[in-house]
1. With the structure loaded, tell me whether Ala67 is assigned to a helix (DSSP H, G or I), surrounded by fewer than 16 Cβ atoms within 10 Å (Cβ to Cβ) and either among the small types (Gly, Ala, Ser) or modelled with pLDDT under 85 (or both) or whether it fails that test.
2. Return the only residue of Ile236, Ile154 being closer than 30 Å to Met40 by Cα, among the hydrophobic types (A, V, I, L, M, F, W, C) and modelled with pLDDT of 70 or more.
3. Could you check Leu199 against (1) touching a helix residue (DSSP H, G or I) at 6+ places or on another chain (Cβ under 6 Å); (2) modelled with pLDDT under 80 and say which number it fails?
Amino acid sequence: MQEYSADLKDKYIEIDAGIKAILAILLGATTLYCNNWPDMIYFAVFLIVITVFLKSNIQFILKNIAAYGIIFVFPCLCGLLLSLLFNKLSPGSAFHSNIIFEGLLLRMVKIFFIWYIGSLYFFTTPFSSIVDMLNKIFSPLNSLGIPVSKYLKIIMCIVNVLTKSVGQFKKDILEEARHIFKNNHLGIKSKFKELSNILVDFIANSLQHTDEIQKQVELTCVDNSQYTFRITKNAIVAFLGCIIFLLLFFA
């Protein structure tokens, strides 16, 4: 099958996509049992160990923290501040709530752990390997009339095209953003308006890639997946490390 993901060979530790998915699910489920700060710290240390083992770096961690903060933490803080504001303006009203800040913080950290585990899995696994694995697992559904292979092929082609589009967008937006913020003749409001226009243009351009996606769908074949479950030394080390961690965690 044609490779659409970034070439991760020699850059990250190679582990079978299926084994890595099982470990990610086990760790994601374990986060539900992190009910105190010692557990959180213990779990965070293990995630750092995994990050180093998979040859990721501090930049990956910082990007995930920043993305999580923008997508989850900022909206949560806005909602919390609004709740406190309404409670202050109308004490005893329907807006009144007894917020347990420590419990809220624990839940936010749990969500971050799940976010990080999923991000680490997809970031260190070629997308075509994930598609092959899913196609192998759900292949029996094809005989029932559910075109799983077709859906996976479309998703893979969309991800491939959008990944290229995002790469170009990052180059363009950095250059244009640098130009906008260096322009002293524009006010803050005008600068944010210009940045919004850049984003709108990107979305509009992305919608124009349907022809390219259609061509890739026609040329790509995932019906006969070549995925085979592979046990390697790295996979054994990762699996044993996860099992030891879980035994110590639940001991």
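1. yes
2. So the residue among Ile236, Ile154 that is closer than 30 Å to Met40 by Cα, among the hydrophobic types (A, V, I, L, M, F, W, C) and modelled with pLDDT of 70 or more is Ile236.
3. Going through the list (1) touching a helix residue (DSSP H, G or I) at 6+ places or on another chain (Cβ under 6 Å); (2) modelled with pLDDT under 80, Leu199 breaks only (1).
The values are calculated or read from the model by the stated rules, or taken from the named source; none is laboratory data. Worth saying up front: this structure is predicted, and the values here are computed from it rather than measured. Neighbour counts are summed over all protein chains in view; Cβ atoms, including those assigned to glycine, are modelled from backbone coordinates with ideal geometry.
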